[in-house]
Amino acid sequence: MTRPTTADEAWGLFNSRLFNHGKEETMRNSFNIALAELFSPPAPADREAGLSIADLQRAHVERQEEWCPDQKPDLSFRGNELGGECGEAQNVIKKLERERHGWRGSRDTVEHLAEELGDVIHCAVLCAITAGIDLEPAVISKFNGTSEKNGLSTFLATPAKGCAP
Ligand SMILES: [Mg+2]
């Protein structure tokens, strides 16, 4: 059965249940079941595929082996690579700000900024791999430490042990 995602779909499910199971279920039960399915959290299979930092790190380790197994870039190379990508993102930001101010000069797009920020994330992961850092717990620890230091209530959940790449 397809999980309803709108009130109309829940209503359709309710009517369907009533039609198909009217003899076994009361109207109230049918409606309650349809409502519960509408407001229940989606099952894991229904959720959109996500990406954890640990998944990303594992994928980069795997791809690195495929890409150049005999040539492992060192931390100096990876650090320069990260700096280069930060610079590319900053250059796009500069052009976006130039446009916002209405100043003369070349323009850029938010889509291009998204691409460059993606490069920054990938290069940060590659630095972590090269330095032997398990990045996901480091990112969570840093985020939670900042929340705690500033008296904020938003914290990230700590991942289950045994998930490190
Ligand atoms: Mg780039």
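Looking at the range 76-108, which of the residues that are among the basic types (Lys, Arg) and assigned to a helix (DSSP H, G or I) is farthest from the ligand (Cβ to nearest atom)? So that I can check it myself, show each step before the final result.
If we filter the range 76-108 for residues that are among the basic types (Lys, Arg), which is where we start, we get 78, 94-95, 98, 100, 104, 107.
With assigned to a helix (DSSP H, G or I) added as a condition, the list becomes 78, 94-95, 98, 100.
Working: Arg78: 14, Lys94: 15, Lys95: 14, Arg98: 19, Arg100: 22 Å.
Only one residue tops the list, namely Arg100.
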*Between residues in the range 64-89 that are within 13 Å of Asp119 (Cβ to Cβ) and acidic (Asp, Glu) and residues that are within 12 Å of the ligand (Cβ to nearest atom) and part of a helix (DSSP H, G or I), which pairs lie under 6 Å by C-beta distance while being six or more apart or on different chains?*
Glu81/Cys123; Glu85/Asp119; Glu85/Val120; Glu85/Cys123; Glu88/Glu116
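State the number of residues belonging to the range 121-138 that are over 15 Å from the mean Cα position of the chain (by Cα), within 16 Å of the ligand (Cβ to nearest atom) and more than 15 Å from Lys72 (Cβ to Cβ).
First, pick out the residues of the range 121-138 that are over 15 Å from the mean Cα position of the chain (by Cα): 123-124, 126-134, 137-138.
Right, trim to within 16 Å of the ligand (Cβ to nearest atom) and you get 123-124, 126-127.
Filter once more, keeping what is more than 15 Å from Lys72 (Cβ to Cβ): 123-124.
Going through the range 121-138 one residue at a time, the tally reaches 2.
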_Take the residues in the range 48-73 that are more than 24 Å from Pro137 (Cα to Cα) and not in a loop (DSSP other than H, G, I, E, B); name whichever of them is modelled with the highest pLDDT._
Glu66
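Mind checking which residues of the range 121-161 are out of contact with any Leu (no Cβ under 7 Å at 6 or more places or on another chain), in a helix (DSSP H, G or I) and more than 15 Å from Ala59 (Cβ to Cβ)? Spell out how you get there, then give the answer.
Here is the first cut: in the range 121-161, the ones out of contact with any Leu (no Cβ under 7 Å at 6 or more places or on another chain) are 121-122, 126, 129, 132-139, 141-142, 145-161.
Adding the requirement that they be in a helix (DSSP H, G or I) leaves 121-122, 126, 129, 135-139, 141-142, 145-149.
Scanning the range 121-161 gives Pro137, Ala138, Val139, Ser141, Lys142, Gly145, Thr146, Ser147, Glu148, Lys149.
The values are calculated or read from the model by the stated rules, or taken from the named source; none is laboratory data. Only a predicted model underlies this, so the values are computations on that prediction, with no experimental measurement involved. A quick note on method: Cβ atoms are made from the backbone with ideal geometry, for glycine too, and the neighbour counts reach across all protein chains shown.
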